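Everything below concerns the one structure shown next.
The values are calculated or read from the model by the stated rules, or taken from the named source; none is laboratory data. Computed from a prediction, not measured in an experiment: that's the story for all the values here. Here Cβ is always computed from backbone atoms with ideal geometry, including for glycine, and neighbour counts include all displayed protein chains. Ligands, DNA and RNA are excluded from the accessible area calculation, which covers all protein heavy atoms including side chains. Shrake-Rupley method; radii C 1.70, N 1.55, O 1.52, S 1.80 Å.
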Amino acid sequence: NAGVTQTPKFQVLKTGQSMTLQCAQDMNHEYMSWYRQDPGMGLRLIHYSVGAGITDQGEVPNGYNVSRSTTEDFPLRLLSAAPSQTSVYFCASSRPDGSTYEQYFGPGTRLTVT
Amino acid sequence: GDSVTQMEGPVTLSEEAFLTINCTYTATGYPSLFWYVQYPGEGLQLLLKATKADDKGSNKGFEATYRKETTSFHLEKGSVQVSDSAVYFCALSQGGSEKLVFGKGTKLTVNP
């Protein structure tokens, strides 16, 4: 199993450009999510999906779009990049583990917007 | 809303020292509590968890006890190693939800 994979690892964008961060998992997990990690802020939930065709907003969804056409893939789109979106982005998938869920994180994408 | 507060870092220790990283939470009901670890250049990994009051989670020599009376879940290890250098995140989830609320993270550096 590759687990959760993310591409690219690093990306530099100019303000106003758009791009898609890719995320894939091969564990057949129904739940997937995107977080951003900023210094001194911990991780904040951007969007999540409980299964193919179902997505919902997290804590900080503005400026991002998602879709979930398959169980395996959950891409994150930046529509018009802004410097405030400079961050490290983590994708995660999760499986039930007793009464909770265990989340598996990808290695992250470091995005810089100039 | 729910929130998690962790002690500010960074924390620097010598090898074999005792480690405590404080974590307190604010939440309604009975959340599940977690510690995640992030090694340099990697994503987060689950370190341990506890799902009800007085539960003790443990893994790799780390322990944390769910204290409802003090709304705390402090992480401890009796003897740290250089390989424990990482960022540690306390987190909670509510009612079996997959969504996690994270603290800000505490960076630990262990020197030989």
Report the dimensions of the stretch A:1-47 along its three principal axes from the alpha-carbon atoms, largest first, rounded to Å.
36, 23, 16
Inter-chain Cβ neighbour average for residues B:97-110, partner chain, 10 Å:
5
Determine the dipole magnitude for the protein assembly as shown: charges of +1 sit on the beta-carbon of Lys and Arg, -1 on that of Asp and Glu, nothing else is charged, the reference point is the Cα centre, and the result goes in debye to the nearest 20.
480
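Among the listed pairs B:K77/B:K99; B:K60/B:K107; B:K52/B:K99; B:K49/B:K77; B:K49/B:K104; B:K56/B:K77, give every one whose C-alpha distance is greater than 22 Å. Mind dumping the intermediate values first?
Values: B:K77/B:K99 27 Å; B:K60/B:K107 18 Å; B:K52/B:K99 17 Å; B:K49/B:K77 15 Å; B:K49/B:K104 18 Å; B:K56/B:K77 13 Å.
Those over the limit are B:K77/B:K99.
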Mind listing, in residue-number order, the residues in the stretch A:55-100 that have at least 50 Å² less accessible area with every protein chain present than in their own chain alone (1.4 Å probe)?
A:T100
Global size of the protein assembly as shown as Cα Rg and Dmax, reported in angstrom:
17.5, 50
Which of the three applies to the stretch A:10-114, rounded, prolate or oblate, going by the alpha-carbon gyration tensor with a ≥ b ≥ c and a/c under 1.5 meaning rounded?
prolate
Highest mean first, what order results for B:66-72, A:97-103 on Cβ atoms within 10 Å?
A:97-103, B:66-72
Per principal axis, largest first, the Cα atoms of chain B extend in Å by 43, 27, 22
Inter-centroid distance (Cα atoms) of the stretch A:33-63 relative to the stretch B:45-112, Å
22
Identify the residues of the stretch A:12-34 with backbone N under 15 Å of a label point that sits 7 angstrom from the Cα of A:L79 along the Cα-to-Cβ direction, or state none.
A:16-20
Quick one: Debye curve from the C-alpha atoms of the stretch B:54-112, no solvent, what's log10 I(q)/I(0) at q = 0.16, 0.26, 0.29 Å⁻¹?
-0.62, -1.24, -1.31
Over chain B, give the accessible area per residue in Å² for a 1.4 Å probe, as an integer.
46
With both bridge residues required to lie in chain A, what share of the DSSP beta bridges run antiparallel, to the nearest 5%?
90
Once you treat every alpha carbon in the stretch A:26-70 as an equal point and sum by Debye, what is log10 I(q)/I(0) at q = 0.15, 0.31, 0.33 Å⁻¹?
-0.40, -1.11, -1.18
Point-to-point label distance, B:S3-B:Q81, nm (Cα→Cβ direction, 7 Å offset):
3.7
Cβ-derived FRET efficiency at R0 30 Å, B:A53 paired with A:R44, nearest 0.05:
0.65
Pairwise label distance in nanometres, A:T70 with A:T86, each label 7 Å out on the Cα-Cβ vector:
3.5
Mind checking the mean number of beta-carbon atoms from other chains within 10 Å of the Cβ atoms in A:33-40?
3
Treating the beta-carbon of each Lys and Arg as +1 and of each Asp and Glu as -1, no other charges, what is the dipole magnitude of the stretch A:1-91 about its Cα centre, to the nearest 20 debye?
340
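Just the number, please: percent antiparallel of the DSSP beta bridges in the protein assembly as shown, rounded to the nearest 5.
90
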Surface share of carbon and sulfur [accessible, 1.4 angstrom probe, percent] for the protein assembly as shown:
49
Among B:G41, B:S85, B:G57, which residue has its Cα furthest toward the positive end of the charge dipole of chain B, with +1 on Lys/Arg Cβ and -1 on Asp/Glu Cβ?
B:G57
Note: A vs B interface, total accessible area buried (1.4 Å probe; ligands, DNA, RNA excluded), nearest 100 Å², is 1700
Using θ = phi - 60° and the Karplus relation 6.51 cos²θ - 1.76 cosθ + 1.60, list the HN-Hα couplings for the stretch B:78-85 in order, rounded to whole Hz, with x at every Gly or Pro.
x, 8, 7, 10, 4, 5, 7, 4
